[in-house]
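Novice: The structure under discussion is supplied below as C-alpha cells; questions concerning it will follow.
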Amino acid sequence: MDASDLLRGALLQISGSDAVRSAVVRAPVSRSVVSRYVAGEEVPDAVRVTNELRSTNRMVTVDHLGEDVTERSQAEHTRDTYLALLAALEEADLSRFGAAEVSVKLSAVGQAIPGDGDAIALENARAICEAAQRVGTTVTLDMEDHTTTDRTLEAVRALREDFPWVGAVLQAYLHRTEADCRDLSGPGSRVRLCKGAYKEPASVAYQDGGDVDLSYVRCLKVLMGGEGYPMVATHDPRLVEIAGALASHHGRSPDSYEFQMLLGVRPLEQKRIADRGHQMRVYLPFGEDWYGYLVRRLAERPANVRFFLRSLASSG
C-alpha cells in the first residue's frame, strides 16, 4: 500500500468524526473551497451551474447532497427537492433528451429508515422517475457502501420495469463488480462505472490503487463489449484513453457511451473531451450537506488534498 492509499484510508476514517466535521464546516475558507466542487445549496444554484456547463456542450447529472436519513419527513423533503429541481430544469429548457439528468442516493430518500426503508426509498425514487420522464430526462441511482449494493441493484431492477432507462452505478473496487457488469450489460442498460469512494474492508474490495485500476479495465471491457450504454466515470487519463480505445475496438459510435467527471475536477479536460465530439457529463452536486461528499472527493485523489490545503493556506 503506497502513501496515496494510506492518505485515502485516513481521510475516509475521519469522515465520520463529528469534531473534524464541525471544524471544517465552520471554517470561513471552507465555503469558498467547496464552491469549486459543489454548485451551491439551493435549486436555483444547481440550475445556474447546469446552464453554464451546457453552454460548453457538457451534459450534467445533478445530485442533491445528503444520505442516510432516518426520518420519513427527511426522505420526503429530498424527494420534493428533486421534483422541484426537475421542474426548474424543464423550465430552463435543460432537461430534454437527458442533457441534464439527476442522480439519486437511495439512503437519501429513505433506504436507511428502520423497518420499511427499502419500500419508502423505492416509492420516493419512483416519484422522481415519473417526474423525470415527464420532463424528458433520466435518473441514475447512485451506489453507496457495499452493504447496500444488492438492495440498490434490486431497486434498479424494480424501477426498470416501468422506466427501462434508469441508470445503475457500479464500483470497480468491489470484487463482485465484474460479474455485476456482465449482469447489467444487456440492451438498454445504462451503467456508470466508477472506482468507488467508500472505506471498504479487504474482504469485499481491492485496497491497492493498482488493483482497482486493473479491475476498472476488466469491467470496461465487459461494458464496452456489451449491448448497453456505458458511462465511464473517471478522471484518470490512462483510463479515459483505454475507454476510447475499447469503444473503437467494439465499433461504438460517440453517442453510444459517455465520459463522466466531477464538477471542479479536470475542467479543461472535460471541455477537451466535449470539444472532440464525445459525450461528456459532469456530476454536479448541490445542497447544504456537502461535508461527506467533500471528504470522499479529497480521498479519491491526493491532488484534491493538495488543492484544499493550498486554498486553506492562501486564505488564512
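The values are calculated or read from the model by the stated rules, or taken from the named source; none is laboratory data. Just so we're clear, the structure is a prediction, and the values are computed from it rather than from any experiment. Glycine also receives a Cβ, built like all others from the backbone with ideal geometry; neighbour counts cover every protein chain displayed. Accessible surface areas use protein heavy atoms only, side chains included; no ligands, DNA or RNA. Shrake-Rupley method; radii C 1.70, N 1.55, O 1.52, S 1.80 Å.
Novice: Considering only segment 187-232, how many residues are of a type in the set (A, V, I, L, M, F, W, C) and open to solvent by 20 Å² or more (accessible area, probe 1.4 Å)?
Specialist: Adding up the residues that qualify gives 6.
Novice: Those residues that are open to solvent by less than 10 Å² (accessible area, probe 1.4 Å) and modelled with pLDDT under 95, I need them from segment 76-98; list them, please.
Specialist: Of everything in segment 76-98, just one residue is open to solvent by less than 10 Å² (accessible area, probe 1.4 Å) and modelled with pLDDT under 95, namely Gly98.
Novice: Another question, if that's okay. Could you list all residues from segment 149-183 that are within 24 Å of Asp208 (Cβ to Cβ), in a helix (DSSP H, G or I) and open to solvent by 10 Å² or more (accessible area, probe 1.4 Å)?
Specialist: Selection gives Glu178, Ala179, Asp180, Arg182.
Novice: Restricting the first residue to segment 93-105 and requiring it to be at positive phi, which pairs with a second residue that is not in a helix (DSSP H, G or I) meet a Cβ separation below 6 Å and a spacing of at least six or different chains?
Specialist: Pairs found: Gly98/Thr137; Gly98/Thr138.
Novice: Which of the residues spanning segment 237-278 are open to solvent by less than 50 Å² (accessible area, probe 1.4 Å) and in contact (Cβ under 8 Å) with a residue 40 or more places away in the chain?
Specialist: Selection gives Glu258, Gln260, Leu262, Leu263, Gly264, Val265, Gln270, Ala274.
Novice: Taking into account only those residues within segment 137-148 that are closer than 25 Å to Ser203 by Cβ and in a loop (DSSP other than H, G, I, E, B), which is most open to solvent (accessible area, probe 1.4 Å)?
Specialist: Asp145
Novice: Which is over 19 Å from Val62 (Cβ atoms) and either touching a residue at least 40 places away in the same chain (Cβ under 8 Å) or not hydrophobic (A, V, I, L, M, F, W, C) (or both), of Leu220, Leu193?
Specialist: Exactly one of Leu220, Leu193 is over 19 Å from Val62 (Cβ atoms) and either touching a residue at least 40 places away in the same chain (Cβ under 8 Å) or not hydrophobic (A, V, I, L, M, F, W, C) (or both), namely Leu193.
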